[in-house]
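Note sheet for the following structure.
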Ligand SMILES: [Zn+2]
């Protein structure tokens, strides 16, 4: 049974968000059985959050942010296997909203990605 809306079937999954700022790192996680609708909503919210604020410290950039994104992708695969949930008994269901690629905040991730690319390219050029 989904922990948010009470609908079933639900999968036992954990979604994570990571926030990496220069001197501050934060981890957030939401675990528990979730139906397809709520699981997708949590996945999109936490993944978009990570794409936006997950990159701004060295450890975050190379370790925690990619790890968080990969783990969320594995978790959402479990949720997407479920059929649409039956009526919920606990209350309103989360609204999955628009896909991640249609959320402007997700594109903040392009900044560190381009920066890393830039460092690699200048490193290669400088070393040659
Ligand atoms: Zn649910």
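Coordinate-derived values only; no laboratory data. Please read all numbers here as calculations on a predicted model, not as lab measurements. Positions of Cβ are generated from backbone atoms using ideal geometry, with glycine treated the same way; all protein chains shown enter the neighbour counts.
Looking for something under 18 Å from residue 105 (Cα atoms) and within 16 Å of the ligand (Cβ to nearest atom) - is there at least one such residue anywhere in segment 31-40? Among the residues of segment 31-40, at least one is under 18 Å from residue 105 (Cα atoms) and within 16 Å of the ligand (Cβ to nearest atom), which makes the answer yes. Is it true that residue 49 is in contact with a helix residue (DSSP H, G or I) (Cβ under 7 Å, 6 or more places away or on another chain), closer than 20 Å to residue 113 by Cα and away from the ligand (no atom under 16 Å from the Cβ)? Spelling it out, it is not the case that residue 49 is in contact with a helix residue (DSSP H, G or I) (Cβ under 7 Å, 6 or more places away or on another chain), closer than 20 Å to residue 113 by Cα and away from the ligand (no atom under 16 Å from the Cβ). Has segment 17-27 got at least one residue that is within 15 Å of the ligand (Cβ to nearest atom) and over 15 Å from residue 90 (Cβ atoms)? No, there is no match, as no residue in segment 17-27 is within 15 Å of the ligand (Cβ to nearest atom) and over 15 Å from residue 90 (Cβ atoms). Scanning segment 68-89 for residues that are buried (at least 18 other Cβ atoms within 10 Å of the Cβ), part of a helix (DSSP H, G or I) and within 15 Å of the ligand (Cβ to nearest atom) yields 75, 76, 79. For segment 1-16, residues that are part of a loop (DSSP other than H, G, I, E, B) and either within 9 Å of the ligand (Cβ to nearest atom) or surrounded by 19 or more Cβ atoms within 10 Å (Cβ to Cβ) (or both) total 9.
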